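Below is one structure; the comments refer to it alone.
Bear in mind that the values in this text are calculations on the coordinates, not laboratory data. Just so it is clear, the model here is predicted, and its values are computed rather than measured. Please note: Cβ atoms are built from the backbone with ideal geometry, for glycine as well, and neighbour counts cover all protein chains shown.
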Amino acid sequence: PPVEGDFPTTLPYSNLWAHTVNTNGNYEITLNNTWGVIDSKLAVYLDGELTEVLATNFTAGNKGSAKNTVLASKYPSNKDLKFVYRVTYVRDEKTNDKVVVYYKSTTGTIEVATPDGGVKYCKYPEWSPEIEYGSPTNKIVFYQGFHFKHTGWATKGDSPKLNGDWSPWTKLSVAEESSIACPGNHLMDSAGTKPNAHLEPMNISEVEGLGSPMEKMHITYTPEWGKWGGRKYTPKITPWNKISHMQYAFVDVIPDYTGKFFTDKDDISHLTQSARDAVNGAGSLNVSPNVFDPGAAFSAYGGTNAFMTEYNEMCKKYPYVKPIASLGGWSRSAFFRDAAQPNKIDHFVKRCIDFIREFNFAGVDIDWEFPCSRRDADLVDNKNDLGTPRAADDEEVLFTNLMKALRGALDKAGQEDGKYYFLSCAIVSGKTHIQKSGIGVWHPTCDFISYMTYDVHGAFDPISNHQSYLFQNTSEPLAETNPQDNAMSIKDLIDYVTKTYGVPANKLTVGAPFYSRGWSGIFMPSSGWPTNMPGLYVRTTIDPSASETKGCSAPGTMDGGRGAGVLPLHHLNKLIKGENVSVRTLDMNGPANPHAGTILKGSDFQYYYDEAAQAPYLYNQTAGIFYTFEDERSVETKCQWIVDNNLAGLISWDIAMDDYGIDMHSSEATSAYPTLYQAEHLLTSVIFDKFKANSLRLNYLNKIARR
């Protein structure tokens, strides 16, 4: 029998969807993105009435998805059948504030009511004097006890009239009013306790505090340094209603001299001192993740910790978006090998657990770049870069031990806290690294594994190429462009990892860059050109100060001291539209942009799309400048491939470089900051449209139709 209080007796409100398929005599009901829930059950409704409550089953090895299977013959075929998941999220750990969300199966209509399934509301809203209704639409509104239909041109303040005077609104007849079946008496709800029973039907893309209808994951990073320089990007600008996981970039991994939560990320004195100590082998340092102060007041333009405070605020408003603490990153991976040593690993893991509990993270992402890969610090590009100067092949074992220790500690903490903490990692997509990473051993510890399928090629290579590509172009001269057999297309990467190491495809995400990489000195050769696409696979003129294995960088508005041709999507789109882009030094406190002062003229660039690789690029043949990037077409194709091949989803770097409609160097980037909250992001919106539940449903139905 149904458990009292778990579900309402009649079908609850839901504009969110689970996915139900009738196959082989069974109903299969699936709900993705359930990480961190504290409670979940499945109910069956026949003709709108509660019939049965079932325990929720989770997919093996992955509590991020719920899946139930029931016999189709168990329920009468002549009744309206709906399955409903009831999920409880914690909005605020400290106050134990919770939100209950219902996810209905994809069949049938969606009723209008409150999110908790209790009070019924009329689906038509009150007339508002702040809305420009404009041309007649027959839209129905409620005003002074009656419903009116929009039948004439209405400007702001044009209200319905009750005295017979002409108005753009026509009062509904008694019969029409009766057909609406508005609950209550318009002044009280059906329970007789709450004034105003008129609400707009909820739209999940606009409502805070409800669940995400995405069936695949879109995991993105929000970079803490995005608030600096000309961008002024902070979490409130992010469209949280269109992502599933938000990774905080980055939590430093540093030696811990005090054992206390006090160190600020922007104070690098401990890092530089630790780097000297580590090189000299001085002392036996404990290693812990760095910690931020969440109590600092939010300021739009300043305050070292303002970013973290705002991040916490948005996490509470969107409890279905999973906040992830990403540890390490490109410039902060030097001390992972210390953290994973046998005499330090317990201390480090405990600090990680303390950290995610303190700041209400849903899990940990290890961004060790990269185990077994030695790299000197690049102080030209970033004076605070630590590199990985002590990396060695023993890090395959160290990394494996670290992932196992974290998985065990997270499971134990989850049992104690009544929730599920998850573990992920972001790793490079090169074959050599994959072979050294030990993925065949540690992949069961992860809820998902993110392959950074961007920066595959760049000005660190001597030949122009795509930085992220879905398929291998057979025209590519691999002996020259990929002499170490390390770069792979996304398809080849997934085939290699799944077939060689047995990693399930539904545990893997692949990457999309929201920025470019670029070369200069790309001039068409008179002969020996391997493809009919201008500028692609062309050897750059060699930088006199570099070796023959490196190309020349193109100008980039996001470049530091070492040029890389990094343009955010907004600037790339300006070039595509024929507009100009001025290259400046973005962060006045950082290294000078080597191309500062350059004016890129959009009229000089031609857009190309490589159909074989499914990747776009821009090429200025006269100046020899080449940019490789991701656009709407390529990311949509990539998302569809992810859906068709049952991958977990997509990871993007980074949300601050998606096109949110402003020039980062203009006055808009500062003066208009408050108006940019929840701004539209071009590629994020494309990903959301491909991954949201009803899109996947249509894909499934189209496949069935083609069969």
Quiz item: Relative to the present Cα-Cα distance, how much length would full extension add between Glu611 and Glu313 at 0.36 nm per residue of separation?
Solution: 103.0 nm
Quiz item: Using alpha-carbon positions, what is the distance between the centroids of region 328-348 and region 357-392, in Å?
Solution: 9
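Mind ordering 361-367, 474-480 by average Cβ neighbours within 10 Å, highest first?
Numbers: 361-367: 24.9, 474-480: 13.6.
In descending order of packing, they fall as 361-367, 474-480.
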Quiz item: Can you give the FRET efficiency for Glu358 and Val174, using 1/(1 + (r/R0)^6), R0 = 45 Å, r = Cβ-Cβ distance, to the nearest 0.05?
Solution: 0.15
Quiz prompt | Neighbour-count ranking [beta-carbon atoms within 10 angstrom, fewest first] of Ile356, Ile140, Ile131 | solution = Ile131, Ile140, Ile356
